[in-house]
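Peer 1: Have a look at this one before I ask anything.
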Amino acid sequence: MPKKHSPKPKSPSRKPKRRSPNPPEPAEQGSARRASETSARRVSETSARRVSAPAAPGAMLSPAKACSPAPKRKTSSLLDTRVIFCGDNLEKLKDFPDASVDLIYIDPPFNSNRNYEVFWGETREKRAFKDRHASTAAYIEFMRPRCLQLARVLKKTGAFYYHCDWHASHYVKVMLDQIFGANNFCTEIVWRRTNAKGLAFRSFPNNHDIILFYTNGQRHIFNRLYLPHDEKYVAGFYANVEPETGRKYQLADLTNPNRDRPNLTYEFLGVKRVWRWTKERMEEAHKKGLIVQSRPGAVPRFKRYLDEQKGVPVDSIWSDIPPIQPHSDERLGYPTQKPLALLDRIINASSNPGDIVLDAFCGCGTALVAAENLGRQWIGIDVSPTACRVMAKRLRDVCGLPEDEALWKAGRGFVVRDLPWTVEKLRAIPPFEFENWAVIALGGIPNKTQVADRGIDGRIYPLSSLPRKSGEAVGELAFMDAWYPIQVKQKDKVGRPDIDSFEAVMTRENRTKGFFVAFDYSSDALTEIDAFFRRSGKAIIPLTVKEILDEQIAKKLA
């Protein structure tokens, strides 16, 4: 995406053109060029909130505000933002203009030499990464061209964060040093994502992830962040409380460590010392009640208020952000889902409001939600259609952001591009992708169970159904007993046996209505649907893929 104001009609996706036809600069040339850039920019500091008491562990002094519903924002003149692109990020990135993105965060599949399944937000999808890479060399070979493209689209003031774990972090750093230049490596961040594992008997438990932080030059954006002081520190060092205001303070030393300062050597309140300040400044502070002398002849000391301190600077060890807990409202069921607080910190530190944030391995969309919450523009890319639909649902539900082409053009919504919205493409995608597409397209919630779903692929809950937390299953949402089952078959023509099976499900669950999705239905299947309604009063609503694509299902869903 370069910005286009008049897209071609009937085009399923925008095909932006690159701003510059030049190929990516070789890594060696890039390193030498960037190393020669010696001009530095003073690092800015974020304003810290004044606090009179310590906050909870891990709380930022400048927390992000909650997402407001679909505000109109200034958009980029180079890129279409608030867009989720479905497809291979290598191909999508080739269409980005050079130096067009302010902050890039990626959390690609780890090279862990084991299979694991990804379950998108309470869905039945099983997407085995396996890890797609037979060896570390293959993993680096897969990531290198993508990181070259990411380096190309990053602005000279931009920042790049690569999230990985101990399996390949050292190989990844060598690759990134070659691409960005070793001089542009800033920090290896250690995020303690879990406590020690009890099963690690013959080694130290691996309980952290690595986030490699690079810039594209020395004039990069960086906003220093702070954490509240520890409660024990506050109790020990800010034990004094001002009776009139209730403000906590400590008494700080006013003497100068440099004893050879004749111009700062004078008598103040009957005590002669080498002071930190001039006599005029001392007298002014004394008039304001900021200097305390406990008794005549005692060395005066300065009142340092707790609520005027910025806090403890965030360093490279992040142990204050816990992983997503099983009962967390934020949890979607994706095993490597990152907490929103983690992305909040990265985005706050390395971008400003209105900047463009890119996540080229979106997963469940945490970076996009964080960027939207913090008033940034954003772009997401993921190869999985199901992931893109889950991201879209999350943006709608969490941020109140409408998925609407007209509102997106007006700066008040977002769009998803390049989804397989044709019958032919939907026939070709994996069954679990098709199943999740169908359920989410109906506005339903895919089944939490990954196996043995007992004939239910998803549920539709009426608006009148009020949610409540259930203790039966960790992280599961239970509703009032008003829901309709969804069954999905990636078949050209569903027959009567399929309908018979779904009738058994509806009878077992005592549902008055159910929805069936397929490409088409045999006459026997449709006849049995009518007969089942006459026998039991229970309605099976047959929906075709074409009807869903043509948005002709509103009356049937009512």
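Peer 1: Residues of region 137-159 being of a type in the set (D, E, K, R) and assigned to a helix (DSSP H, G or I), which ones? Give the steps one after another, and end with the answer.
Peer 2: Start the filter on region 137-159 by keeping residues that are of a type in the set (D, E, K, R), which leaves 141, 144, 146, 152, 155-156.
Glu141, Arg144, Arg146, Arg152, listed by residue number.
Peer 1: Keeping to region 367-395, report how many residues are free of Cβ contacts under 8 Å to residues at least 40 places away in the same chain and assigned to a strand (DSSP E or B).
Peer 2: Going through region 367-395 one residue at a time, the tally reaches 0.
Peer 1: Same structure, new question: Looking at Leu264, is it closer than 30 Å to Gly363 by Cα and either in contact with a helix residue (DSSP H, G or I) (Cβ under 6 Å, 6 or more places away or on another chain) or modelled with pLDDT of 95 or more (or both)?
Peer 2: Working: closer than 30 Å to Gly363 by Cα: no; either in contact with a helix residue (DSSP H, G or I) (Cβ under 6 Å, 6 or more places away or on another chain) or modelled with pLDDT of 95 or more (or both): yes.
No.
Peer 1: I'm checking my understanding of the structure. Among residues of region 304-319 that are farther than 30 Å from Cys186 by Cβ and either among the β-branched types (Val, Ile, Thr) or touching a Lys or Arg at 6+ places or on another chain (Cβ under 9 Å) (or both), which one is surrounded by the fewest Cβ atoms within 10 Å (Cβ to Cβ)? First the steps, then the outcome.
Peer 2: If we filter region 304-319 for residues that are farther than 30 Å from Cys186 by Cβ, which is where we start, we get 304-307.
In the following step, the residues that additionally are either among the β-branched types (Val, Ile, Thr) or touching a Lys or Arg at 6+ places or on another chain (Cβ under 9 Å) (or both) were identified as 305-307.
On the way: Tyr305: 17, Leu306: 22, Asp307: 15.
Taking the candidates together, the pick is Asp307.
Peer 1: State whether the residues of region 346-356 include one that is more than 19 Å from Cys86 (Cβ to Cβ), among the β-branched types (Val, Ile, Thr), assigned to a helix (DSSP H, G or I) and in contact with a Cys (Cβ under 8 Å, 6 or more places away or on another chain).
Peer 2: Scanning region 346-356, I find no residue that is more than 19 Å from Cys86 (Cβ to Cβ), among the β-branched types (Val, Ile, Thr), assigned to a helix (DSSP H, G or I) and in contact with a Cys (Cβ under 8 Å, 6 or more places away or on another chain), so the answer is no.
Peer 1: Got a sec? Which of Tyr521, Tyr461 is surrounded by 13 or more Cβ atoms within 10 Å (Cβ to Cβ), assigned by TED's automatic domain parsing to the domain that holds Ile429, of a type in the set (Ser, Thr, Tyr) and at pLDDT below 80? Even if it seems obvious, please write down each step before you answer.
Peer 2: Numbers: Tyr521 fails: at pLDDT below 80.
Within the list Tyr521, Tyr461, the selection yields Tyr461.
Peer 1: Restricting attention to region 359-385, which residues are of a type outside the set (A, V, I, L, M, F, W, C) and either surrounded by fewer than 24 Cβ atoms within 10 Å (Cβ to Cβ) or closer than 17 Å to Thr81 by Cβ (or both)? Step through it out loud before you land on a result.
Peer 2: Here is the first cut: in region 359-385, the ones of a type outside the set (A, V, I, L, M, F, W, C) are 359, 363, 365-366, 372-373, 375-377, 380, 382, 384-385.
If the condition is that a residue be of a type outside the set (A, V, I, L, M, F, W, C) and either surrounded by fewer than 24 Cβ atoms within 10 Å (Cβ to Cβ) or closer than 17 Å to Thr81 by Cβ (or both), then Asp359, Gly365, Glu372, Asn373, Gly375, Arg376, Gln377, Gly380, Asp382, Ser384 are the ones that fit.
Peer 1: Please pick out the residue among Ala128, Ala99 that is of a type in the set (Gly, Ala, Ser), surrounded by fewer than 22 Cβ atoms within 10 Å (Cβ to Cβ), part of a loop (DSSP other than H, G, I, E, B) and modelled with pLDDT of 95 or more.
Peer 2: Details: Ala128 fails: modelled with pLDDT of 95 or more.
One residue alone meets the criteria, Ala99.
Peer 1: Right, another one. Which members of region 207-237 meet the condition of being of a type in the set (S, T, N, Q), surrounded by 21 or more Cβ atoms within 10 Å (Cβ to Cβ) and part of a loop (DSSP other than H, G, I, E, B)? Steps first, please.
Peer 2: Taking region 207-237 as the starting set, the residues that turn out to be of a type in the set (S, T, N, Q) are 207, 215-216, 218, 223.
Within this subset, residues satisfying the condition of being surrounded by 21 or more Cβ atoms within 10 Å (Cβ to Cβ) are 215-216.
The answer is Asn216, and nothing else.
The values are calculated or read from the model by the stated rules, or taken from the named source; none is laboratory data. The model shown is predicted, which means the values in this text are computed figures rather than measured ones. Please note: Cβ atoms are built from the backbone with ideal geometry, for glycine as well, and neighbour counts cover all protein chains shown.
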